[in-house]
Structure formats: C-alpha cells, structure tokens
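To keep things clear, I will list the structure first and then write my remarks on it.
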Amino acid sequence: MDTEQTGAYLFGCGDPDAEQYLRQAIALDPQGSLIAQTALALTLLEKGKKSEALDVAERIVPSNVGVGPYYDMTMAMVYAANGMIPQSKEAWNNLMEKYATDDALDPEELLFNVMNNRTVAKRAIALLRKSRVISTVEPKTPPMVE
C-alpha cells in the first residue's frame, strides 16, 4: 500500500497518524495527490485547523479522475467551516448538479449514495446543516404505497 492509500485509509478510520501519511503523499506528488489533499483538508477540519484546511483545499486542482464527489463535498465543508457560506453553497450546488439523481433526493441520501465513507458523509451533513448551507429540516418520508 502506498503512502497516499495508507493516509486515506487511516483518515477513513479516524486514525491520528493519517495526517502524517497524507502530508508525505502530498510532498511526494503535489499535483497528483487529489485523494490525499481532500483527506488532509478534512483531517485538519476535524482538528479545528480551519484556515489550514482552507489553504490545503484551495490548492487542490480538481480532476474528473478519482475523487469525484469528495472534491465538491470537501470544498463545501471547508468553506462552511471558515464562514464562507456563498462559496460553500456553490460547492454544494455543484455536487447536487453532478450527482443528484432525483430532485427530491435529500442531502444525506445523496452523500451516502456517492461516497464510500459514511462517517465522512455524516460529518459533512452535520457541518453543512449547522452552517445552514443545506436545509436543517429533515425531508418528509412519503407514505408507503401498498
């Protein structure tokens, strides 16, 4: 397993060593470590290092390869954490435009459908609701048809 994969795996598990491996991966390949950059930005957010997370996130060069929804979700979270609500909403809307399959799809369902890390998806929902980037009202479940 390479440094980027190790860091991303440790990040997904909430391991405190994730930051070290993610930084190593970025140092080894500053332009090609999209997964490591998004994971590092989210790790820094978890540690309360909002401005450093913003700095890392804004250096990410988005790509159509590899991270898909993680990039837009990361940008929405980092901007929200730094009080940049219009930018956060723009990133969230980008995510919705690219990945929502149904106009009625609620944010939590969307993130659970497009991301393989439910823990990160839950963190994203909590932060984006708290910042009022997305609705704080839970969607109503339609009645079951028999």
Legend entry - Pair list, Cβ < 6 Å and 6+ apart or interchain, from the stretch 117-133 residues that are of a type in the set (Ser, Thr, Tyr) to residues that are buried (at least 18 other Cβ atoms within 10 Å of the Cβ) and modelled with pLDDT of 85 or more: SER131/ALA80
Inset, instruction - All but one of (1) assigned to a loop (DSSP other than H, G, I, E, B); (2) closer than 22 Å to ASP15 by Cα; (3) modelled with pLDDT of 85 or more; (4) not β-branched (Val, Ile, Thr) hold for ALA41, so report the exception by its number. - result: (1)
Legend entry - Condition check for LEU54: under 23 Å from ASP15 (Cα atoms) and either in contact (Cβ under 8 Å) with a residue 24 or more places away in the chain or under 13 Å from the mean Cα position of the chain (by Cα) (or both): yes
Legend entry - Enumeration of residues in the stretch 3-32 that are part of a helix (DSSP H, G or I), modelled with pLDDT under 70 and surrounded by fewer than 13 Cβ atoms within 10 Å (Cβ to Cβ): CYS13
Inset, instruction - Quick one: which residue in THR101, THR74 is in contact (Cβ under 8 Å) with a residue 24 or more places away in the chain and either surrounded by 17 or more Cβ atoms within 10 Å (Cβ to Cβ) or at negative phi (or both)? - result: THR74
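Please go through the stretch 103-146 and give me each residue that is in a loop (DSSP other than H, G, I, E, B) and either at pLDDT 85 or above or touching a Leu at 6+ places or on another chain (Cβ under 6 Å) (or both), ordered by number.
Scanning the stretch 103-146 gives SER131, ARG132, VAL133, ILE134.
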Legend entry - Whichever residue in the stretch 58-93 is farther than 20 Å from ILE134 by Cα and under 14 Å from the mean Cα position of the chain (by Cα) and, among such residues, is modelled with the highest pLDDT: GLU58
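The values are calculated or read from the model by the stated rules, or taken from the named source; none is laboratory data. Quick caveat, the model's predicted, so the values are computed rather than measured. With ideal geometry, Cβ positions are generated from the backbone for all residues, glycine too; neighbour counts draw on all protein chains shown.
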